[in-house]
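Below is the structure I would like to discuss, written out as structure tokens.
Each value in this text was obtained by applying a stated rule to the coordinates, not by laboratory testing. Remember, predicted model here, so these are calculated numbers, not experimental data. FYI the Cβ positions are ideal-geometry reconstructions off the backbone, even for glycines, and counts take in every protein chain you see.
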Amino acid sequence: MMLTPLELDIMKAVWRQPPITVRDVQESIRPGRNLAYTTVMTIMDRLYHKGFLRRSLQSRTHYYEPAIDYAEVRNEAVETLIERFFGSKEKLRDFLDGAEPEVPKPAIEPIHASSFDETLREIRERDARDKSRDVAPLKQADDAIRVDTTGQTAEDVLNFLVQTIRERTPRDK
């Protein structure tokens, strides 16, 4: 239930003055966030689909209200912060009492990758298998145009491609 900083700013505007329109939210979060109307509308639509907002249509205008309480979002954010930085409330208390905090273990144990050489060998084997298939992502199409773009501008490459396509395209007589 974590919100991005932008989502949180939008939700704060909704919590302060529900029901509220997209335009009102846009004005409320200025000047700190000078966002286009469509950007605010998109974020609010996402918040609606995530279950953070309710909306109702009145005279071709959507009005938004919070579907979740501010305290609930705040409490979960604080819990997440404590868990990520301290590991538990008890370890936070210890820190506040002056104890040196221990760095908590990562939530996900690191994956021990194979050696570089082994990984490279596996990639080469996969590429060789893919190239030999009838339909393969790494198999060059028969009519592919191969272009060496080294030292060329995008315009040079584009001109080359246009010229090559024109040469290969049959002309009607």
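Need one number: nm distance between label points at residue 37 and residue 88, each 7 Å from Cα along Cα→Cβ, rounded to one decimal.
5.3 nm
Then there is this: Put a dot 7 Å past each Cα toward the Cβ at residue 123 and residue 141; how far apart are the dots in nm?
The answer from the label model is 2.6 nm.
Pull up all non-local amide H partners of residue 21: gap of 5 or more, or a different chain, and H-to-H distance under 5 Å with H placed in the peptide plane.
Answer set, sorted by chain and number: 64.
Something else: Return 44, 2, 11 ranked ascending by Cβ neighbour count within 10 Å, so the fewest neighbours appear first.
Numbers: 44 25, 2 10, 11 22.
Least to most surrounded, the residues fall as 2, 11, 44.
Still on this structure, please answer the following. How large is the Kirkwood hydrodynamic radius of the range 5-68, in angstrom, based on all distinct alpha carbon pairs? Spell out each step's value before the answer.
Details: mean 1/r = 0.0880 Å⁻¹.
Evaluated on the range 5-68, it is 11.4 Å.
Spin-label point model (7 Å from Cα, Cβ direction): what's the residue 99 to residue 46 distance in nm?
3.9 nm
Tell me, 9, 127, 143 in order of fewest to most beta-carbon neighbours within 10 Å?
Values: 9 18, 127 13, 143 6.
Lowest count first: 143, 127, 9.
Please work out how much length the chain gains when fully extended from residue 166 to residue 69, using 0.36 nm per residue of separation minus the C-alpha to C-alpha distance, in nm with one decimal. Kindly include the intermediate steps, with their values, before the conclusion.
Numbers: separation 97, 0.36 × 97 = 34.92 nm, distance 6.25 nm.
Contour length minus the Cα-Cα distance gives 28.7 nm.
Would you work out the charge dipole size for the range 5-68 about its Cα centre, treating the Cβ of every Lys and Arg as +1 and the Cβ of every Asp and Glu as -1, and quote it to the nearest 20 debye?
On the way: 10 positive and 6 negative charges, 10 e Å.
In total the dipole reaches around 40 debye.
Could you work out the pair-distance distribution P(r) of the chain from its alpha-carbon pairs, with 5 angstrom bin width and percents rounded to whole numbers?
Binned Cα distances yield the sequence 1, 6, 10, 9, 7, 6, 6, 8, 10, 11, 12, 8, 3, 1, 1, 0, 0, 0.
Angle, helix 37-50 long axis vs. longest principal axis of the chain, Cα atoms, 0 to 90°, nearest 10?
Tilt of helix 37-50: around 70 degrees.
Can I ask one more? How much length would be gained if the chain were fully extended between residue 30 and residue 132, taking 0.36 nm per residue of separation minus their Cα-Cα distance, in nm to one decimal?
Details: separation 102, 0.36 × 102 = 36.72 nm, distance 5.76 nm.
Working it through step by step, the gained length comes to 31.0 nm.
Here's something else I'd like to know. Where the centroid of each part is defined by its Cα atoms, how far is the range 72-94 from the range 1-31 in Å?
Here the two parts' Cα centres lie 25 Å apart.
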